[in-house]
Amino acid sequence: MRSLDDIREEYEFLEGDERYRLLIELGRDLEEMPDALKTDATLVRGCSAAVWVYPTGEGEKLHFLADSNAAITKGIVALVIAAVQDRPAGEVAQMDVTGALEPFDLKNQLSSNRTQGVPNMIALVKEHAARIAAS
């Protein structure tokens, strides 16, 4: 998975529909999430499209599998995952993920129904990180 900095560099260079295409490409590049993990327990509440996030990995390093049934939403999921993927749990628990995503200006680039679940996704990731960091 590409780093959030690499993605931001490319994103800032693009405009309009090209940014949509980049988000769709990022979503396609997400690590495959088996259908068996797409359950009510892994479903992120508050998203207009179905979004699933499943924490995996060993020890202190966080790793997530994620998917969505909508291409643009899946790209947004990929951005959130890129911000935290394979980082130490303690770092992610303290991280300002919303701030890390601000350069993408998603609220002004996309419709509100596409971004309404982002805070819930970030909260889920941070809660998992805090649990791992505390154990």
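The values are calculated or read from the model by the stated rules, or taken from the named source; none is laboratory data. Computed from a prediction, not measured in an experiment: that's the story for all the values here. Don't worry about glycine lacking a Cβ; one is built from the backbone with ideal geometry, like all the others, and counts go over all protein chains shown. When the accessible area is computed, the model is the full protein with side chains, heavy atoms only, and any ligands, DNA or RNA have been set aside. Shrake-Rupley method; radii C 1.70, N 1.55, O 1.52, S 1.80 Å.
Of the helices (runs of 4 or more DSSP H) that lie entirely inside segment 62-122, those containing 1 or more residues that are under 19 Å from Arg2 (Cβ atoms) span 71-84, 89-94, 97-101, 106-109.
Give segment 58-84 a look and list any residue that's open to solvent by less than 60 Å² (accessible area, probe 1.4 Å) and polar (S, T, N, Q), or say none. Correct list: Ser68, Thr73. Of everything in segment 1-18 that is open to solvent by less than 80 Å² (accessible area, probe 1.4 Å) and in a helix (DSSP H, G or I), the residue that is farthest from Leu79 (Cα to Cα) is Gly16.
Selection over segment 19-52 of residues that are surrounded by 12 or more Cβ atoms within 10 Å (Cβ to Cβ) and either without any contact (Cβ under 8 Å) to a residue 60 or more places away in the chain or in a loop (DSSP other than H, G, I, E, B) (or both) gives a count of 23. Within segment 101-122, restricting attention to residues that are crowded, with 19+ Cβ neighbours inside 10 Å and at pLDDT below 80, the residue that is nearest to Ala70 (Cα to Cα) is Arg114. Does Arg87 fit the bill of being open to solvent by 10 Å² or more (accessible area, probe 1.4 Å), touching a helix residue (DSSP H, G or I) at 6+ places or on another chain (Cβ under 7 Å) and either among the basic types (Lys, Arg) or over 19 Å from Gly117 (Cβ atoms) (or both)? No; evaluated as a whole, the condition is false for this residue.
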